[in-house]
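Student: Okay, handing you the structure first.
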Amino acid sequence: MFCTDKRRAAAAAALLCALPAAAHAGAPGDAETIATARAAAQGMGGQGGPADQDLARMSLEELSMVEVVSVSRRPEALADAAAAIFVISADDIRRSGATTLPEVLRLAPNLNVQRVNAVDYAISARGFNGYETANKLLVMVDGRSIYSTLHSGVFWDARDLALEDIERIEVISGPGGALYGANAMNGVINITTRSARDTVGSLVSLAAGNEDASVMLRHGGRLGETGGWRAYVRASTHDDSFRPAGGDATDGATGLRGGARLDWSAGVNELTLQGDVFDNELTINEDYSGTETRVSGRNVLARWVRPLADGEFRMQAYYDRFERVEPGTVEDNDTWDVSAQQTLDRGRHHLVFGAGYRSVQSRFAAPPGGAFLDPEELTLTLTNVFIQDQIALTDSLTLTLGAKYEDNSFSGQEFLP
């Protein structure tokens with residue numbers, strides 16, 4: 001795959017064209033009026049981070065140099081990224097008026113976002129879309145996959161993230177298997193949240209409309225001279241949608257979510273520890289007579305980053321538990337994941353390589369006579385190694401070569417070029 005300097009002008013033009021529509025594309029609907037009130041005590045960067053810069057005031061050259069990391073798993077200019085990528089900044093999110101993550105993703109022109117009911121969505125890139133079965137799109141939050149191996153998709157009704165904490169969303173449409181694995185066949189959504197060092201102070205965010213309402217409380221502080229911490233709690237409610245013939249569709253939801261994050265430096269080492277817990281109550285539509293469904297989960301993630309003279313080494317581990325109790329079924333998943341990668345610059349070669357291991361323990365139980373799976377419990381393991389080399393053939397021409405090897409307990413060995 002090749003990348004030339006002509007991509008800079010195209011990338012800048014794409015960003016400029018997206019600006020006028022940014023205030024409308026993610027809005028839930030013209031009928032909904034959103035009122036937001038924020039009270040913040042700022043310090044150590046506060047709300048005014050780089051992601052909050054007004055893109056309309058940036059020059060074409062500055063727009064083309066917006067930094068992305070998802071394409072090659074290392075920082076690079078947007079114009080140099082050899083992929084179809086769109087970046088949603090924190091400023092875009094704030095201006096859009098969107099109140100949920102799926103509605104924010106409508107800002108990305110390279111995604112297909114379909115609303116199924118009040119809280120459920122079908123989201124994919126380059127086709128193959130389906131309700132909770134879009135199995136060719138990898139979605140990550142701070143490097144943690146939120147893909148369900150049991151259902152081969154993402155439960156968007158359980159991803160009620162605090163939008164105020166999102167730093168940026170990078171959306172890649174196109175194959176990413178060489179770096180991210182088979183689930184990245186059609187694209188990658190990489191959601192990055194803000195460092196705790198950038199959220200020192202207090203924040204109250206309120207949103208209310210004729211369909212949705214939410215409140216988020218956040219407080220952060222300094223951790224010594226080189227670190228920061230924050231904690232938050234968010235509550236939300238989504239009213240039932242309407243049937244075409246009139247009346248409620250009994251598909252509303254309520255949610256409660258909380259979490260914390262620590263970021264600090266120990267010499268040249270950057271350390272991060274974060275976690276979340278959530279509990280949502282959903283109402284299944286009229287086909288199930290408004291039966292309640294409960295979705296809950298928790299996660300914890302630790303990351304260590306160490307800069308090197310000619311690159312960077314990073315290691316990450318996380319645990320994620322997801323539970324879904326529907327009429328007649330109980331599903332829970334426990335995921336353990338550890339990965340490491342290193343970037344290395346050698347002359348014209350810019351290498352990134354790494355390895356990872358994941359274990360997913362799934363259970364799907366049902367009462368006698370109900371839907372069931374055989375076996376009821378199953379543990380899947382996945383081991384992978386990858387390497388990619390960006391070779392600067394000339395000052396304006398780059399050749400990218402990469403491959404990934406995976407060995408999983410379900411389908412065996414796989415090679416992804």
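The values are calculated or read from the model by the stated rules, or taken from the named source; none is laboratory data. On a predicted model such as this, the values are computed, not experimentally measured, just so you know. Every residue, glycine among them, receives a Cβ derived from its backbone with ideal geometry; neighbour counts consider all protein chains shown.
Student: Answer yes or no as to whether Leu373 is at pLDDT below 95 and assigned to a loop (DSSP other than H, G, I, E, B).
Tutor: Yes: the conditions hold for Leu373.
Student: Shifting gears a bit: Please go through segment 153-201 and pick out each residue that is among the aromatic types (Phe, Trp, Tyr) and closer than 14 Å to Ala134 by Cα.
Tutor: Phe155, Trp156
Student: Go through (1) buried (at least 21 other Cβ atoms within 10 Å of the Cβ); (2) in contact with a Gly (Cβ under 9 Å, 6 or more places away or on another chain) one by one and return the number of the condition Glu167 breaks.
Tutor: With respect to (1) buried (at least 21 other Cβ atoms within 10 Å of the Cβ); (2) in contact with a Gly (Cβ under 9 Å, 6 or more places away or on another chain), Glu167 is out only on (1).
Student: Consider only pairs whose beta carbons are under 6 Å apart and that are at least six residues apart or on different chains; among these, list those whose first residue lies in segment 279-294 and is closer than 11 Å to Asn117 by Cβ and whose second residue is aliphatic (A, V, I, L, M) and at pLDDT 55 or above.
Tutor: Pairs that qualify, where the first residue is closer than 11 Å to Asn117 by Cβ and the partner is aliphatic (A, V, I, L, M) and at pLDDT 55 or above, are Leu282/Ala253; Asn285/Ala249.
Student: Pick from His219, His238: which is farther than 24 Å from Asp142 by Cβ and in contact with a strand residue (DSSP E or B) (Cβ under 7 Å, 6 or more places away or on another chain)?
Tutor: His238 is the lone residue from the list that is farther than 24 Å from Asp142 by Cβ and in contact with a strand residue (DSSP E or B) (Cβ under 7 Å, 6 or more places away or on another chain).
Student: Can you pull out every residue in segment 250-263 that is in contact with an Asp or Glu (Cβ under 8 Å, 6 or more places away or on another chain), in a strand (DSSP E or B) and not charged (D, E, K, R)?
Tutor: Scanning segment 250-263 gives Ala253, Thr254, Gly255, Leu256, Gly258, Gly259.
Student: Still on this structure, please answer the following. From Arg314, Arg363, grab the single residue that is touching a residue at least 24 places away in the same chain (Cβ under 8 Å), part of a strand (DSSP E or B) and buried (at least 18 other Cβ atoms within 10 Å of the Cβ). First the steps, then the outcome.
Tutor: Values: Arg363 fails: buried (at least 18 other Cβ atoms within 10 Å of the Cβ).
Result of the check over Arg314, Arg363: Arg314.
Student: Right, here's the next one. Tell me, yes or no, whether segment 211-221 has at least one residue that is of a type outside the set (D, E, K, R), within 30 Å of Phe313 (Cβ to Cβ), in contact with a helix residue (DSSP H, G or I) (Cβ under 7 Å, 6 or more places away or on another chain) and not in a loop (DSSP other than H, G, I, E, B).
Tutor: There is at least one residue in segment 211-221 that is of a type outside the set (D, E, K, R), within 30 Å of Phe313 (Cβ to Cβ), in contact with a helix residue (DSSP H, G or I) (Cβ under 7 Å, 6 or more places away or on another chain) and not in a loop (DSSP other than H, G, I, E, B).
Student: Identify, please: which residue in segment 379-410 is surrounded by fewer than 17 Cβ atoms within 10 Å (Cβ to Cβ) and of a type in the set (Gly, Ala, Ser) and is, among those, nearest to Thr149 (Cα to Cα)?
Tutor: So the residue we want is Ser409.
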